[in-house]
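Undergrad: Attaching a single structure in structure tokens format; questions to follow.
The values are calculated or read from the model by the stated rules, or taken from the named source; none is laboratory data. The structure presented is a predicted model; accordingly, all values stated were derived computationally and were not measured. Cβ atoms come from the backbone with ideal geometry, glycine included; neighbour counts cover every protein chain shown. These accessible areas exclude ligands, DNA and RNA; they are computed on the full protein's heavy atoms, side chains included. Shrake-Rupley method; radii C 1.70, N 1.55, O 1.52, S 1.80 Å.
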Amino acid sequence: MSDESQELPVFTTAADMRAWVRKQKKSGRKVALVPTMGYLHDGHLSLVKAALERADVVVASIYVNPTQFAAHEDFDVYPRNPDDDRAKLKAAGAHAVFEPESLYVAVPGAGEGSNVVGRETQHPDSHETYVTVERLQKPLCGGSRPHFFRGVCTVVTKLFHICEPDVAVFGRKDYQQWRVISRMVRDLDFAVEVVGLPICREQDGLAMSSRNARLSEEARQKALAISRGLKWAEAGVADGSLGAPEAVKEHVRGLIEEAGGKVDYVELLNADNLGPIADLASQPALLAVAAHFAAKDRGTVRLIDNTVLTPPGK
């Protein structure tokens, strides 16, 4: 269906997006969805490429979801460049873009930012229905951002209802998000195949992220301590030299703090269910990191990264 001479369809309402998707399905085409918050980089575009391998048509959504931000976080300064995003998606082979102004009930006189957690208007007509995954959303990012996965699961549920995909493609940089959404799909009987793809990295090892654009030049270099810590652990599990989980976490934490980062968490968990682990020799373990580094505009930038440590022979 891709045609370089044609404009990429951009839909801003749920009704128009759903009608377009249903037309594709009526013609027998398989539909894939790539949900994004925009400010696209090569990691996002790799998801589009993977979606094209799994479906006939690919819809990419661009929406900075307010309900996964708290009032003290970076919703207002989250990088946005929709014109550039559309051009990148067209070049990558996407077939349509869903770019809603809002996915929540419009409250008279209140902007989109009123749906940020802590800014809710409490208007009797405001949005009040949310989706949660009770256990999996609690560790890792759920510790310091307890609101986060409620917002993620709710917006993804809405996107699934509107775009009606057969396949949805996510990046595993947001490893917990991938696991949470997979569990939500299983538990709520969505007829959607959830695909999680490996992390895309810059040449120097930094995990690709839209938030990287907010890092100061100095902080950008210091943030490489995260990927260095992950690589150290990968080498250690490969040669059997890693110690107990607590010692591994402390070493990685130390590398990040020595580089000037403020650690949110460094955790080792069961890679399948995010439960606790006793050792690193008997099962694959997720080593997950979240840390703050200085922003070039204001405040800090929260970066996440991870790797799955698989013992030899497992």
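Undergrad: Identify, from the list CYS163, CYS153, the residue that is open to solvent by less than 10 Å² (accessible area, probe 1.4 Å), under 16 Å from the mean Cα position of the chain (by Cα) and farther than 24 Å from LEU287 by Cβ.
TA: Unique residue meeting the criteria: CYS153.
Undergrad: Here's another thing I want to ask about it. Given the conditions (1) open to solvent by less than 20 Å² (accessible area, probe 1.4 Å); (2) under 30 Å from ARG298 (Cα atoms), report the number of the one that TYR39 does not fulfil.
TA: Against the list (1) open to solvent by less than 20 Å² (accessible area, probe 1.4 Å); (2) under 30 Å from ARG298 (Cα atoms), TYR39 comes up short only on (1).
Undergrad: Enumerate the pairs (first residue in the stretch 57-76 and under 27 Å from LEU8 (Cα atoms) and assigned by TED's automatic domain parsing to the domain that holds SER102; second residue anywhere and assigned to a loop (DSSP other than H, G, I, E, B) and of a type in the set (Ser, Thr, Tyr)) with beta-carbon separation below 7 Å, excluding pairs fewer than 6 apart on the same chain, so at least 6 apart or on different chains.
TA: VAL64/TYR78
Undergrad: Applying the selection to the stretch 183-193, what residues are out of contact with any Lys or Arg (no Cβ under 9 Å at 6 or more places or on another chain) and either of a type in the set (A, V, I, L, M, F, W, C) or buried (at least 19 other Cβ atoms within 10 Å of the Cβ) (or both)?
TA: Of everything in the stretch 183-193, those that are out of contact with any Lys or Arg (no Cβ under 9 Å at 6 or more places or on another chain) and either of a type in the set (A, V, I, L, M, F, W, C) or buried (at least 19 other Cβ atoms within 10 Å of the Cβ) (or both) turn out to be MET184, VAL185, LEU188, PHE190, ALA191, VAL192.
Undergrad: Is the stretch 216-228 home to any residue that is among the polar types (S, T, N, Q) and either closer than 17 Å to PRO311 by Cβ or in the same structural domain as ARG145 (by TED's automatic domain parsing) (or both)?
TA: The first filter runs over the stretch 216-228 and keeps only residues among the polar types (S, T, N, Q), leaving 216, 221, 227.
Remaining after also requiring either closer than 17 Å to PRO311 by Cβ or in the same structural domain as ARG145 (by TED's automatic domain parsing) (or both): none.
Within the stretch 216-228 (the criterion being among the polar types (S, T, N, Q) and either closer than 17 Å to PRO311 by Cβ or in the same structural domain as ARG145 (by TED's automatic domain parsing) (or both)), the answer is no, since none of the residues qualifies.
Undergrad: Mind counting the residues in the stretch 155-177 that are outside any helix (DSSP H, G or I) and at negative phi?
TA: 7
Undergrad: Please identify the pairs in which a residue from the stretch 77-99 that is on the phi > 0 side of the Ramachandran plot has its Cβ atom under 8 Å from the Cβ atom of a residue that is open to solvent by 50 Å² or more (accessible area, probe 1.4 Å) and assigned to a loop (DSSP other than H, G, I, E, B), counting only partners at least 6 apart or on another chain.
TA: So the pair list comes out as GLY93/SER2.
Undergrad: Only residues in the stretch 142-164 that are more than 20 Å from ALA94 (Cα to Cα) and without any contact (Cβ under 8 Å) to a residue 60 or more places away in the chain count as the first member; pair them with residues that are open to solvent by 20 Å² or more (accessible area, probe 1.4 Å) and of a type in the set (Val, Ile, Thr), Cβ under 6 angstrom, at least 6 apart or cross-chain, and list the lot.
TA: Sorted first by the residue in the stretch 142-164, then by its partner, the pairs are CYS153/VAL131; THR157/VAL131.
Undergrad: Might you check whether a residue that is crowded, with 17+ Cβ neighbours inside 10 Å, in contact with an Asp or Glu (Cβ under 8 Å, 6 or more places away or on another chain) and over 22 Å from GLU267 (Cα atoms) occurs anywhere in the stretch 216-236?
TA: No, the stretch 216-236 contains no residue that is crowded, with 17+ Cβ neighbours inside 10 Å, in contact with an Asp or Glu (Cβ under 8 Å, 6 or more places away or on another chain) and over 22 Å from GLU267 (Cα atoms).
Undergrad: For the list (1) without any contact (Cβ under 8 Å) to a residue 60 or more places away in the chain; (2) not in a helix (DSSP H, G or I), I need the number of the one condition that ARG186 fails.
TA: Exception for ARG186: condition (2).
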